Amino acid sequence: MRLIQITDCHLGAQQSESLLGLNTDQSLDDVLQLIQTSESGFDHLLCTGDIASEAHKDCYQRFETSIRRYFSQPLSWLPGNHDSADLMAANQDHLGIQSRLVMLGDWLLVLLDSSVPGQVYGQLAASELDFLAHALRTHRDKHVIVSLHHQPVLVGSAWIDQYIVRNADAFFQLIDSHPQVKIITWGHVHQEFQQQRKGVSLLATPSTCVQFKPKCDTFTVDTQMPGYRWFDLRADGQFDTGVARVTNKQYVIDYRSAGY
């Protein structure tokens with residue numbers, strides 16, 4: 001099975017809106033074109049949050065419309081700190097967005113909501129941990145990918161690591177007791193990241209818009225280009241993954257910005 005992950009699109013309420021000077025509709029479109037060109041076929045498209053910069057129904061409608069201009073494959077999403085989980089849930093069915101449990105052959109994709117209304121940091125509510133525990137107990141025969149928006153481990157940039165999942169210990173207690181979990185993947189940090197923890201691959205994916213420079217204690221915009229992550233999932237629980245980025249484009253971005 002081939003899974004494609006995109007994240008942190010930061011679409012504005014209007015198509016002309018930008019983030020640090022970058023038109024985020026244009027950069028999303030560039031990434032979708034790259035996927036169309038680079039991927040001969042895939043089975044599922046996942047977006048791990050911050051679809052919107054400021055949650056608005058039009059953002060979610062426009063996101064789905066943009067995806068459907070290129071792809072007919074099943075699509076799933078989860079909310080980030082800039083999103084409205086309620087708005088997303090209210091529009092999910094009529095937009096044809098898949099459920100929070102996605103079967104991918106011998107694999108199961110579990111989508112968690114780590115957003116906290118009005119806050120930047122991540123937190124998994126008791127109901128989310130219960131949902132994960134039930135999914136893992138019920139599907140012991142599947143290899144599992146757990147996806148969320150916020151990072152559950154430090155990525156090495158102090159300014160964004162203050163917004164880590166605050167109850168990551170409780171999360172990892174569940175993960176550690178279920179060896180079928182092979183991958184945890186997230187967005188939020190706008191950069192590529194990869195680490196191993198007790199045999200589980202921990203992976204962050206670049207944004208489809210502005211990138212944050214790794215290993216910086218203060219907010220720093222990177223010159224890396226927008227991109228996506230791909231996963232090749234094999235029946236025996238092994239997998240390959242990698243990141244692909246847009247090339248041959250020039251964006252107007254405020255690299256001196258101290259925040260957004």
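Taking every DSSP beta bridge that has both residues in region 83-203, what percent is antiparallel when rounded to the nearest 5?
Antiparallel bridges make up about 40 percent of those DSSP assigns within region 83-203.
Could you tell me how far the Cα centroid of region 233-258 sits from the Cα centroid of region 97-122, in Å?
Taking the Cα centre of each part, region 97-122 and region 233-258 sit 20 Å apart.
For the chain, what proportion of DSSP beta bridges, expressed in % and rounded to the nearest 5, is antiparallel? If you can, show how the numbers build up before the last one.
Details: 24 of 46 bridges.
Of all bridge pairs located within the chain, approximately 50 percent are antiparallel.
Can you give the calculated 222 nm mean residue ellipticity of the chain, where each DSSP H run of n ≥ 4 adds -39,500 (n - 2.57) and the sum is split over every residue, rounded to the nearest 500 deg cm²/dmol?
Working: 6 runs with 66 residues, N = 260.
Rounded to the nearest 500, it is -7500 deg cm²/dmol.
What FRET efficiency would be calculated for the residue pair Q61, S127, taking the C-beta separation as r and a Förster radius of 22 Å, to the nearest 0.05?
Working: r = 27 Å, r/R0 = 1.23.
Between Q61 and S127 the formula returns 0.20.
If you take every residue apart from I164 with its C-beta less than 15 Å away from the C-beta of I164, what net charge results, scoring Lys and Arg +1 and Asp and Glu -1?
Result for the neighbourhood of I164: -1.
Once you list every other residue whose beta carbon is under 14 Å from the beta carbon of V120, what net charge do they have if Lys and Arg are +1 and Asp and Glu are -1?
On the way: positive: R166; negative: D8, D50, E54, D83, D161.
Within the 14 Å Cβ shell, the charges total -4.
Measure nothing but the geometry: give the 0 to 90° angle between the long axis through the Cα atoms of 85-95 and the longest principal axis through the Cα atoms of the chain, rounded to 10°.
Roughly 90 degrees, rounded to the nearest 10.
Hand me the tally of lysine pairs in region 2-245: alpha carbons under 29 angstrom apart, and the pair either on different chains or 8 or more positions apart.
Details: K142/K182; K142/K198; K182/K198; K182/K213; K182/K215; K198/K213; K198/K215.
Counting lysine pairs in region 2-245 gives 7.
Under a Cβ-Cβ cut-off of 11 Å, what is the net charge of the residues other than V200 that fall near it, where Lys and Arg count +1 and Asp and Glu count -1?
+2
Which whole-number percent gives the relative contact order of the chain, counting Cα pairs below 8 Å spaced six or more residues apart? Intermediate values should be presented prior to the final figure.
On the way: 595 pairs, mean separation 55.0, N = 260.
Taking the mean separation of contacting Cα pairs over the length of the chain, I get 21 percent.
Filter the trypsin sites (Lys or Arg not before Pro) in region 74-161 down to the DSSP loop ones having no more than 12 other Cβ atoms within 10 Å, then list what survives. Don't skip to the answer; put the middle values down first.
Details: sites: R100, R137, R140, K142; in loops: R100, R140, K142.
For trypsin sites (Lys or Arg not before Pro) across region 74-161 that sit outside H, G, I, E and B with at most 12 neighbouring Cβ atoms in 10 Å, the list reads R140.
Roll a 1.4 angstrom probe over the protein heavy atoms and tell me the percent of accessible area of region 161-260 that is carbon or sulfur.
Within region 161-260, the accessible surface is 45 percent carbon and sulfur.
Once you put a point 7 Å from the Cα of D217 and another 7 Å from the Cα of D161, both along the Cβ direction, what distance in nm separates them?
1.1 nm
Quick check on region 112-174: take the gyration tensor over C-alpha atoms, sort the square-rooted eigenvalues as a ≥ b ≥ c, and tell me if it's rounded (a/c under 1.5), prolate or oblate.
Numbers: a/c = 2.61, a/b = 1.79, b/c = 1.46.
Judged from the Cα gyration tensor, region 112-174 comes out prolate (a/c at least 1.5, a/b above b/c).
On C-alpha positions alone, give me the angle between the axis of helix 57-70 and the longest principal axis of the chain, in degrees, nearest 10.
80 degrees
Within region 59-88, find all residues whose amide N lies under 13 Å from a label point positioned 7 Å from the Cα of Q119 along Cα-to-beta-carbon.
So the set is 81.
For the chain, what are the per-bin percents of Cα-Cα distances with bins 10 Å wide, up to the bin holding the maximum?
With a bin width of 10 Å, the distribution comes to 7, 33, 39, 19, 2.
Roughly how many Å² is the accessible area per residue of the chain, as a whole number, for a 1.4 Å probe? Present the calculation step by step, with values, prior to reporting the outcome.
Details: 10970 Å² over 260 residues.
Ligands and nucleic acids excluded, the figure is 42 Å² per residue.
The values are calculated or read from the model by the stated rules, or taken from the named source; none is laboratory data. No experiment lies behind these values; they were computed from the predicted model shown. FYI the Cβ positions are ideal-geometry reconstructions off the backbone, even for glycines, and counts take in every protein chain you see. To get the accessible areas, we keep the full protein, side chains included, count just its heavy atoms, and leave off ligands, DNA and RNA. Shrake-Rupley method; radii C 1.70, N 1.55, O 1.52, S 1.80 Å.
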